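Undergrad: Pasting a structure below so you can have a look.
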């Protein structure tokens, strides 16, 4: 069995892991750990802003199986901020920022996520270094899937709202 903690007690994470975003209805999502990225980024399409109780929100579609456009989940979240982010190709993009709980292994913590079209990228989510600071993580780039897939209980907040949508 692989160790999930270092001798110093830090939690170990591999270069890619499974995580959950339960308030978005995402029970499992593969992500790439990217210490070169300050911010976490989630592949989101069809972004649309709206107001709820006097606060700005964004609704979007997420494809949990990156590359599979048949299954999507409709998500919405309060907008925490809007920022200029430098993408992997060096271009500045204005992105919505949301704050939502993440479950990675046995740890649940609030993280900031920027919403972006990551279509051409291999992973639907990047977990940037800011999301790893509070969890006292040690990254082992030689390992993948160190932590078990998250066990997220079902309920209204965690039920995926999947829809099948074909793309000609």
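Undergrad: Provide the packing ranking of 12-24, 106-118, i.e. peptides ordered by the mean count of other C-beta atoms within 10 Å per residue, highest first.
TA: Going by the mean number of other Cβ atoms within 10 Å, highest first, we get 12-24, 106-118.
Undergrad: Let me ask you something else. Starting from the 7 Å offset along Cα-to-Cβ, what nm value, one decimal, do you get for the label separation of residue 50 and residue 149?
TA: It is 3.1 nm.
Undergrad: If I model a spin label as a point 7 Å beyond the Cα along the Cα-Cβ vector, how far apart are those points for residue 91 and residue 65 in nm?
TA: It is 2.9 nm.
Undergrad: Going by how many other Cβ atoms sit within 10 Å of their own, how do 149, 86 line up, fewest first? List each step's numbers first, then the result.
TA: On the way: 149 15, 86 12.
Taking fewest neighbouring Cβ atoms as first place, the list is 86, 149.
Undergrad: How many angstrom lie between the C-alpha centres of segment 13-41 and segment 81-151?
TA: For segment 13-41 versus segment 81-151, the Cα centre distance is 5 Å.
Undergrad: For segment 4-87, state the semi-axes of the equivalent ellipsoid (square roots of 5 times the eigenvalues of the alpha-carbon gyration tensor), sorted largest first and rounded to whole angstrom.
TA: Semi-axes, largest first: 27, 17, 14 Å.
Undergrad: Could you calculate the contour length gain from residue 106 to residue 134, that is, 0.36 nm times the residue separation minus the distance between their Cα atoms, to one decimal place in nm?
TA: Here the segment from residue 106 to residue 134 would lengthen by 8.7 nm.
Undergrad: Percent antiparallel among DSSP beta bridges with both residues in segment 1-141, to the nearest 5?
TA: Just about 75 percent of them are antiparallel.
Where a number appears in this text, it was derived from the coordinates with a stated rule and is not lab data. Everything numeric in this text was worked out from a predicted model, so none of it was measured. Don't worry about glycine lacking a Cβ; one is built from the backbone with ideal geometry, like all the others, and counts go over all protein chains shown.
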